[in-house]
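Below you'll find the structure, written out as structure tokens, and then a few comments.
The values are calculated or read from the model by the stated rules, or taken from the named source; none is laboratory data. Values in this document were obtained by computation on a predicted structure and should not be read as measured data. All Cβ positions, even for glycine, are placed from backbone atoms using ideal geometry, and neighbour counts span all protein chains on display.
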Amino acid sequence: MGAPTPLPTGPGNPSAAAAPPPALPTSVATSDNVRTYRVREGGEYVYQIAQNVLGDRNRWPEIYRLNSNLEPSRPYPAGVDIRVPAGKAP
């Protein structure tokens, strides 16, 4: 027997406000073909993120365009949420 299924949160569930928020996943999809990625412990360079998330380190400019407030020549700090393209293939 598996773990019980959690109740959905929202206005239809009055106890939702009392429940703690769920742990954030490493990557969350958004509606505009972009997802959120949380930088791993120790920090990561944008080319490392491109390799790990998109399968090609040469796609780092796509990530930088979505996060132009961050410096691509330095590692992005651990725990920072950045935007990345949703798919592995262009």
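Structure above, values below:
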quantity: Yes/no for Leu7 being in contact with a strand residue (DSSP E or B) (Cβ under 7 Å, 6 or more places away or on another chain), surrounded by fewer than 14 Cβ atoms within 10 Å (Cβ to Cβ), at pLDDT below 95 and not charged (D, E, K, R); calculated: no
quantity: Unique match (being surrounded by 10 or more Cβ atoms within 10 Å (Cβ to Cβ), acidic (Asp, Glu) and either within 16 Å of the chain's Cα centre (by Cα) or modelled with pLDDT of 55 or more (or both)) among Glu71, Glu41; calculated: Glu71
